[in-house]
Amino acid sequence: MQLTFFEHPILNSPYVYPGRHWELDADGQPTNRLIESRRRSDLITPVPKAKKRKAPKGPTVQVELELTADDEGLSTAEQKYDPTPIINELRGYVDTWRALPNPQQWQVTPETARLLQHWRHHQFQGVRPFFCQIEAVETAIWLTEVAPKLGGSGKKFREHLAGANAMSNPDLFRIALKLATGAGKTTVMAMLIALGFTPAATLAFVMAAGFIADTASLLHAAAAADKAMLFEGAQGVMLDVDYGTYPYVTSSNTGVGGVITGSGLSHKQLGEIIGVVKAYTTRVGGGPFPVELPDGTDAAGKLAKGEEIRQRGGEFGATTGRPRRCGWLDLVAVKFACRLNGVDSIALTKLDILDPEPELPVCIAYELDGVQIDTVPARLTDLARVKPIYQVLPGWKSSTSGVQHWSDLPPAAQSYVAFIERTTGVPVKWIGTGPGREATVVRKAAARA
């Protein structure tokens, strides 16, 4: 009996190599034709525009890789895209390497060989790693241990990675692995930790060696010893699964509640709660964004205000390159986040990005059906309908880049910070004036009075 797509859409077990797939037509619809091979990757990656940098001394040549006509004009002047055929080529090399029967042919260290044999062939009881997790670790191993020994064929992939890292920190060689949501990135990280930090053959040794532990007990012991601890949230409060703009949220609690459930500490053991706030507002992905500014360019090629801020602030996802939506400072959302988390002080970042602005609208309230409100509505449909109410503050039209002392900030910049404090009722203790750690104003209590 011939299989059909709608009767058997899933062909492969998540624990084995995906050796079959259903053919799709040009519109992405199944043709009902079964292909006895792995589906090729047709992913594309958005490429953020390079940040402005000081020109180095001496002649330089910068080469930009553009898409050709075969790419159907996907890139525009505003956003470039990079197709990733290198993924399919790399998969081919890793597949060939994986099929080598003799571990002595793998060209890896003995410790790595033992871990690979464990992950590939151990008869796991209960939970076992997915193929995509094993393949991710295999790819990292191949790039770091095998590719350097293969001459030109391996050098090509290493150079590709070096080029991807060049705009960030060229002295630090990094490998990025993209896995789909739900693929188990935490498991992959645990496998890589085992690979990088233990000379053992199995994950059981990792536990015995102390790399996996009862972290709640460790943290309670550190708290009892009065040791300093810092917990950092990964995403904004408006993406909190319970109090954010559901369903446009992440899968967990992004505020102080997540610290308690994630660490095992009591709320009584928490000290100062610092709210990290940009000098303007950004959002990634969909969902209501009352203060959003237009992006892109007009017919004359002039950047819209939202696009200006995005380019100046480098507002692109660190991993995906996904452009962030930008808007003026929304103090309604900031007050909501401060109240929800009991914020004691604010670290204000990216003040220098606003340097060129002649005036700075700040959202101080919303209007909903003709009524002024000063908090974030509980209903998403209401938040989508609000109109921001702005108070326009003067800009400073001078550079704050790298400023380290409050007294060196322009008076208008000081007034901007003071307005945030008065509106939120929370002192601004730190002010970021550039990407470097040293570009920070640390305000003493007297300066904030």
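Laid out as a table, the results:
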item: Residue in the range 219-235 that is farthest from Gly271 (Cα to Cα), counting only those that are modelled with pLDDT of 90 or more and in a loop (DSSP other than H, G, I, E, B); result: Ala225
item: Some residue of the range 264-275 being on the phi > 0 side of the Ramachandran plot and under 17 Å from the mean Cα position of the chain (by Cα); result: no
item: Strands (runs of 3 or more DSSP E) wholly inside the range 338-449 containing at least 2 residues that are assigned by TED's automatic domain parsing to the domain that holds Val277 and free of Cβ contacts under 8 Å to residues at least 24 places away in the same chain; result: 359-368, 371-373
item: Looking only at the range 128-153, and only at residues there that are out of contact with any helix residue (DSSP H, G or I) (no Cβ under 9 Å at 6 or more places or on another chain) and in a loop (DSSP other than H, G, I, E, B), the one that is farthest from Leu179 (Cα to Cα); result: Gly151
item: Scope the range 422-439; condition among the charged types (D, E, K, R) and surrounded by fewer than 15 Cβ atoms within 10 Å (Cβ to Cβ); matching residues; result: Arg422, Arg437, Glu438
item: Residue ID - modelled with the highest pLDDT, chosen from residues in the range 89-121 that are among the polar types (S, T, N, Q) and either touching a Leu at 6+ places or on another chain (Cβ under 6 Å) or surrounded by 14 or more Cβ atoms within 10 Å (Cβ to Cβ) (or both); result: Gln107
item: Any hit, the range 352-364, residues being surrounded by fewer than 19 Cβ atoms within 10 Å (Cβ to Cβ) and on the phi > 0 side of the Ramachandran plot; result: no
item: Every residue from the range 7-44 that is modelled with pLDDT under 85 and in a loop (DSSP other than H, G, I, E, B); result: Ala26, Asp27, Gly28, Ser41, Asp42, Leu43
item: Filter result for the condition that a residue is assigned to a helix (DSSP H, G or I), touching a strand residue (DSSP E or B) at 6+ places or on another chain (Cβ under 8 Å) and assigned by TED's automatic domain parsing to the domain that holds Pro247, over Gly306, Gly321, Gly275; result: Gly306
item: Residue that is surrounded by the most Cβ atoms within 10 Å (Cβ to Cβ) [pool: residues in the range 287-315 that are out of contact with any Lys or Arg (no Cβ under 9 Å at 6 or more places or on another chain) and among the small types (Gly, Ala, Ser)]; result: Gly287
item: Condition check for Lys156: within 13 Å of Leu90 (Cα to Cα) and either in a helix (DSSP H, G or I) or among the charged types (D, E, K, R) (or both); result: yes
item: For Glu307: the one exception among (1) more than 27 Å from Pro427 (Cα to Cα); (2) touching a helix residue (DSSP H, G or I) at 6+ places or on another chain (Cβ under 8 Å); result: (2)
item: Those residues of the range 178-209 which are modelled with pLDDT under 75, touching a helix residue (DSSP H, G or I) at 6+ places or on another chain (Cβ under 6 Å) and surrounded by fewer than 17 Cβ atoms within 10 Å (Cβ to Cβ), in sequence order; result: Pro199, Ala201, Thr202
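Residue-by-condition table, conditions (1) within 21 Å of Asp95 (Cα to Cα); (2) free of Cβ contacts under 8 Å to residues at least 12 places away in the same chain; (3) not basic (Lys, Arg):
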site: Gln2; (1), (2), (3): no, yes, yes
site: Phe5; (1), (2), (3): no, no, yes
site: Pro14; (1), (2), (3): yes, no, yes
site: Trp22; (1), (2), (3): yes, no, yes
site: Asp25; (1), (2), (3): no, yes, yes
site: Gln29; (1), (2), (3): no, yes, yes
site: Ser37; (1), (2), (3): yes, no, yes
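The values are calculated or read from the model by the stated rules, or taken from the named source; none is laboratory data. Given the structure is predicted, the values throughout are model-derived calculations rather than measurements. So basically every Cβ, Gly included, is an ideal-geometry build from the backbone, and we count neighbours across all protein chains shown.
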